[in-house]
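Working notes, beginning with the structure itself.
The values are calculated or read from the model by the stated rules, or taken from the named source; none is laboratory data. On a predicted model such as this, the values are computed, not experimentally measured, just so you know. Backbone-built Cβ (ideal geometry, glycine too); neighbour counts: all protein chains shown. Protein only, heavy atoms only, side chains kept; ligands, DNA and RNA dropped before computing areas. Shrake-Rupley method; radii C 1.70, N 1.55, O 1.52, S 1.80 Å.
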Amino acid sequence: MTEYAPVLVGSVTKYVVVESFDVTPADLAVRAYEISKGAMIKETCFGLVINGKEDEVDRIIAELRKVDPDHIFIKDRGFPPGDPRRCRANLGGARPGYHGMEYEMRVIPYVSFGLEELKKRDENTVTPPENPLEHKILDIAKLKKMINAQES
Amino acid sequence: MAKVFIYPSTSLILSDMVARYGHTPLSSAVAIREKIQTAGFESPPLQMTPEEPKKGLKWAAVEVPSGVRGRMALYGPMIENCEAAIIIDNADFAFGCMGCARTNELIKFLVRQKDIPRLDLNYPQNEEEGVKFVAAIKRFLNGLGGAK
Amino acid sequence: MTPPVRIAQLSCGPEYSGIQHEIDTAAKEVNGEIFYPDVALKDIQRDFDLFGLDVRSPDLKLAIARAKELVEGRVEADAVFIATCFRCAEAAIVRNELRRYIHENSKLPVVSYSFTERTTSGTLLTRMEALTTIARRRALLARETQKGITLGLDSGSATTKAVVMKDNKIIGTGWQPTIEVLKSAQEVISHALMEAGIQRSEVQAVGTTGYGRFLVGKEIGADLIQEELTVNSKGAVFLADRQHGPATVIDIGGMDNKAISVMDGIPGTFTMGGICAGASGRFLEMTAKRLGVEITELGPLAMKGFAGKVPMNSYCIVFGTQSLVNALATGSTREDVASAACHSVAEQVFEQQLQEIDIKEPVLMVGGTSLIEGLVFAMGELLQTKIVVPPYSQYIGAVGSALLASGFIKDD
């Protein structure tokens, strides 16, 4: 067995995903380069990947969020940008997590809409979404009404 | 700040929401990062060695496939550490770390066994559901208290 | 250097079992390269629906979509490796159905494997070697006749075999238990040459196969060093004169068993088992010893017995032998015990391996154990077919090697 010597120990990597009509990944990259002090920034088709010390990455991200807060989304990444173990060029196909993100990208516009709306509305006035674990049973009074409607 | 377990643990949306409203998301990426930043024996791509499925025995018995036990070695500690959880129930296309349905069933079960605040919901499918989705998550996270 | 063979991996779980590196290493050792066919999410959803196998695990959905990409030619590959967790029922169904789907709808060689965290690159090597050989050496494997004078050597885990062939005929053979790998090899070669009346210097090409193929091959300067899956397939269809069309080759060896689905002499899908010695030739050897007969007498003895009379409910070589001892102690006849031992081995191979390939007639049994007629009979009963045991079946690897080695004879 070969010994493994990790690289970039103590650094964090984060995805900055932008799903916006007004801001492109390139715009975001320009802004990130302006404010970065030594963090590694890589532009991708959906946004940026940023690697560096946690405080530095968090600082850059806080600034970037301001560009378009309701349309910029952030998550951690295990691997640093361009890591050959996860790079599509080496694997032939996308890393497994990519398709999961591809799926969420379809949903994100609804989330962005929600974020925008909640600037105008108090979240406590919004009806809760359906709980997937609760299987609603038909109310007896409603059933009776339906039967009566059929009979008349 | 509460440590919030998110399901799917690879979710960009949940990870963002939890951090956005001032808490710490527990995600697969952080667990994987810990693996690849720790010295040991080489086992690319994830630096998960055959020892991981053995560690997974804590959460799943030996007759459970190695892939389930290996994944549990990633998620088990996260489930033990979490103080709250948000679960998206219809995450049918979350691959890789979340690629095994049996593991996912076990993860959700173990989280639901814990006596912690939990929010179960589905992905929004239109704008109105998007509003409900974000509002529910915001309410839930604010309710946890101690947000940064 | 020849470009690597591109092996598409369809899998669920190896990264999390800690064995992806073992797969990559095994592939690299035989100049193969693992890759993952690229698919977009919309293709995954469409192909998964079209395939119609409604599994829950996303990684298995992805595997299904990738298989369709390969079969429909949207992604190019030379071979396919399907790997899922051992003991996962959902994955086992997908693994079998994908293997069948790819086999029936493309020319891509496929090997499927169910791994545990203990799987090593060594275990995978022979399978990978066969996979890359089929992909890379189709021309070599297309050979149907032996030419000139060639020598084939099969250095197996239990026995070492050699044959000398001349102008498509076997003219000398040698056989002995494997003790010291090189010494046993030299002795069987000498015997085969002597029987053939041929000098070593007259031999135009040499091929080796079996566990000791690399060691012996290097020592005797072999022209072809080849794993036993492809070699045995060639040997089997050559000896049985079934070089065209489908065939199934079953080889119950001393240490592992091979079941190979062959088309025109080239393996399409295959399995190799070897987790438990209770399903091997070794078990029959131990049974023969316990019954006080030579292994050559075990078959005829078994034919006189009735397996059903002896309770055999262990798959383990140790406990299996214990069952036999108990049966003898409680009055079972030696014939029934011999028959039960044969049935037990056949049943294990049937249950554990033959489910993983498509059985197409003729079914050819080869290797030393094919001479144990009780075992062949038991297998025939399980498969409900008449099993063909070709002449020289115990020399199958050596014959396949000698046949393929003649492709290396240089034209003067």
field: Residue list for the range C:101-123, filter: modelled with pLDDT under 90 and surrounded by fewer than 17 Cβ atoms within 10 Å (Cβ to Cβ)
entry: C:Glu104, C:Lys107, C:Gly122
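Here is a yes/no grid of residues against (1) touching an Asp or Glu at 6+ places or on another chain (Cβ under 8 Å); (2) away from chain C (no Cβ under 14 Å):
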position: B:Val4; (1), (2): yes, yes
position: B:Thr10; (1), (2): no, no
position: B:Gly22; (1), (2): no, yes
position: B:Leu26; (1), (2): no, yes
position: B:Ala31; (1), (2): no, no
position: B:Glu34; (1), (2): no, yes
position: B:Ala60; (1), (2): no, no
position: B:Glu80; (1), (2): no, yes
position: B:Cys97; (1), (2): no, no
- request: For the range A:41-62, name all the residues that are within 12 Å of A:Val18 (Cβ to Cβ) and either surrounded by fewer than 17 Cβ atoms within 10 Å (Cβ to Cβ) or free of Cβ contacts under 8 Å to residues at least 40 places away in the same chain (or both).
  value: A:Glu43, A:Thr44, A:Cys45, A:Gly47, A:Leu48
- line: Per the filter on the range B:100-148, residues basic (Lys, Arg) and away from chain A (no Cβ under 14 Å) are B:Arg102, B:Lys114
- request: Inspect the range C:256-264 for any residue being open to solvent by 10 Å² or more (accessible area, probe 1.4 Å), touching a Pro at 6+ places or on another chain (Cβ under 9 Å) and assigned to a loop (DSSP other than H, G, I, E, B) and give the result as yes or no.
  value: yes
- prompt: Do we have any residue at all in the range C:309-329 that's at pLDDT 90 or above, hydroxyl-bearing (Ser, Thr, Tyr) and open to solvent by 50 Å² or more (accessible area, probe 1.4 Å)?
  reply: no
message: Please verify whether A:Val126 is within 8 Å of chain B (Cβ to nearest Cβ) and under 27 Å from B:Ser28 (Cα atoms), treating the condition exactly as stated.
response: no
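One line per residue, one yes/no per condition, for (1) outside the structural domain of C:Val337 (by TED's automatic domain parsing); (2) charged (D, E, K, R); (3) touching a Lys or Arg at 6+ places or on another chain (Cβ under 9 Å):
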site: C:Phe270; (1), (2), (3): no, no, yes
site: C:Thr287; (1), (2), (3): no, no, no
site: C:Arg290; (1), (2), (3): no, yes, no
site: C:Pro300; (1), (2), (3): no, no, no
site: C:Gly308; (1), (2), (3): no, no, no
site: C:Val318; (1), (2), (3): no, no, no
message: Looking at the range A:17-46 only, could you name the residues that are within 23 Å of B:Thr10 (Cβ to Cβ) and among the β-branched types (Val, Ile, Thr)?
response: A:Val17, A:Val18, A:Ile41, A:Thr44
Condition check for B:Glu80: modelled with pLDDT of 95 or more and surrounded by fewer than 18 Cβ atoms within 10 Å (Cβ to Cβ): yes
message: Under 8 Å between Cβ atoms, which residue pairs at least 6 apart in sequence (or on different chains) link something in the range C:4-21 that is β-branched (Val, Ile, Thr) with a partner that is part of a loop (DSSP other than H, G, I, E, B) and crowded, with 24+ Cβ neighbours inside 10 Å?
response: C:Ile19/C:Glu117
- prompt: If you scan the range C:360-391, which residues turn out to be surrounded by fewer than 17 Cβ atoms within 10 Å (Cβ to Cβ) and in contact with a Leu (Cβ under 7 Å, 6 or more places away or on another chain)?
  reply: C:Pro391
- prompt: What number of residues in the range B:114-148 are of a type in the set (Val, Ile, Thr) and without any contact (Cβ under 8 Å) to a residue 12 or more places away in the chain?
  reply: 1
- prompt: Among the residues of the range C:229-255, how many are among the aliphatic types (A, V, I, L, M), open to solvent by 10 Å² or more (accessible area, probe 1.4 Å) and farther than 20 Å from C:Gly210 by Cα?
  reply: 1
- request: Go through (1) surrounded by 24 or more Cβ atoms within 10 Å (Cβ to Cβ); (2) within 13 Å of chain B (Cβ to nearest Cβ) and name the single condition C:Phe81 misses.
  value: (2)
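Here is a yes/no grid of residues against (1) among the acidic types (Asp, Glu); (2) crowded, with 24+ Cβ neighbours inside 10 Å; (3) over 12 Å from the mean Cα position of the chain (by Cα):
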site: B:Pro53; (1), (2), (3): no, yes, yes
site: B:Val62; (1), (2), (3): no, no, yes
site: B:Ser66; (1), (2), (3): no, yes, yes
site: B:Ile87; (1), (2), (3): no, no, no
site: B:Asp92; (1), (2), (3): yes, no, yes
site: B:Gly99; (1), (2), (3): no, yes, yes
site: B:Thr103; (1), (2), (3): no, yes, no
- line: When every residue in the range C:135-157 that is assigned to a strand (DSSP E or B) and of a type in the set (Gly, Ala, Ser) is compared, the one surrounded by the most Cβ atoms within 10 Å (Cβ to Cβ) is C:Gly152
field: Test for C:Lys234: is it of a type in the set (D, E, K, R) and either in a strand (DSSP E or B) or in contact (Cβ under 8 Å) with a residue 24 or more places away in the chain (or both)
entry: yes
Any helices (runs of 4 or more DSSP H) falling wholly within the range A:1-112 and containing at least 3 residues that are of a type outside the set (A, V, I, L, M) and out of contact with any strand residue (DSSP E or B) (no Cβ under 7 Å at 6 or more places or on another chain): A:25-35, A:54-67
message: Considering only residues that are within 11 Å of chain B (Cβ to nearest Cβ) and part of a strand (DSSP E or B), which ones fall in the range C:1-33?
response: C:Ser11, C:Cys12
query: When you go through (1) touching a residue at least 24 places away in the same chain (Cβ under 8 Å); (2) outside any helix (DSSP H, G or I) one by one for C:Arg118, which number turns out not to apply?
result: (1)
query: Name the residues in the range A:77-97 that are at the interface with another protein chain (Cβ under 8 Å from one of its Cβ atoms) and open to solvent by 20 Å² or more (accessible area, probe 1.4 Å), would you?
result: A:Arg77, A:Arg85, A:Arg86, A:Arg88, A:Leu91, A:Gly92, A:Arg95, A:Pro96, A:Gly97
message: For the range C:46-61, which positions are open to solvent by 10 Å² or more (accessible area, probe 1.4 Å) and facing chain A (nearest Cβ under 9 Å)?
response: C:Asp59
task: Starting from the range C:62-74, take each residue that is in a loop (DSSP other than H, G, I, E, B) and list its partners that are of a type in the set (Lys, Arg), counting only C-beta distances under 9 angstrom and pairs at least six apart or across chains.
output: C:Arg74/C:Lys68
- prompt: Would you pick out the residues in the range C:158-181 that are more than 23 Å from the chain's Cα centre (by Cα) and not in a strand (DSSP E or B)?
  reply: C:Asp167, C:Asn168, C:Glu180
